[in-house]
1. What number do you get for region 2-123 when its Cα radius of gyration is normalised by 2.2 N^0.38 Å, N = residues?
2. About the Cα centre, and with charges only on the beta carbon of Lys, Arg (+1) and Asp, Glu (-1), how big is the dipole of region 5-74? Nearest 20 debye, please.
3. Return one number: the angle in degrees, 0 to 90 and rounded to the nearest 10, between the long axis of the Cα atoms of helix 38-50 and the longest principal axis of the Cα atoms of the chain.
4. Label 7 Å along Cα→Cβ of Val99; region 50-65 residues with amide nitrogen under 19 Å?
5. Treating only the Cβ atoms of Lys and Arg (+1) and Asp and Glu (-1) as charged, compute the dipole magnitude of the chain about its Cα centre; round to the nearest 20 debye.
6. What net charge do the residues around Tyr5 carry, taking every other residue with its C-beta under 11 Å from that of Tyr5, with Lys and Arg at +1 and Asp and Glu at -1?
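Any read-out appearing in this document is the output of simple, stated calculations on the displayed coordinates, not a laboratory observation. Predicted, not measured: the structure shown is a model, and the values here were computed from it. No Cβ is skipped: glycine too gets one built from the backbone with ideal geometry, and neighbour counts run over all protein chains shown.
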Amino acid sequence: MAAYYLDTSVFLHWVAKEGGAVAWLDGLGRGEELFSSTLLRLEAIRSVRRAGTDPSGLEPYFARVALVDLDQPVLSRAESLPGSLRALDAIHLATAGEVPGAVMVSHDKRLKDAAAELGTPVLDPVA
């Protein structure tokens, strides 16, 4: 089974129906797991609210993503990551590490670079 960690940058492109995110996400097949941190939900809702939009339209998208709770082990891993990642990106990368072999799906350059440096496979369907 393939596992894909979905970063908020790609999630928001999917919701906005921009770039290749829609085609890639809608093309996922059986046996392919899509997961993210509960942080994705918070970031997406805040982004939509800042834009003046009702976030209830996000629910069908959230339903397709298994959300991993933030817990102390994830936060400890985020704290110990090398480099100059921002805190939220470190949490995303640490959460992706919850599933060995997971692919980091992101459109964020810093996060993609950090994941690649750690040997995590990276995919950017928006580019």
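1. Its radius of gyration relative to the 2.2 N^0.38 Å reference: 1.01.
2. 220 debye
3. 40 degrees
4. Residues 60-65 qualify, since their backbone N sits under 19 Å from the label point.
5. 260 debye
6. Combined, the nearby Lys, Arg, Asp and Glu give -3.
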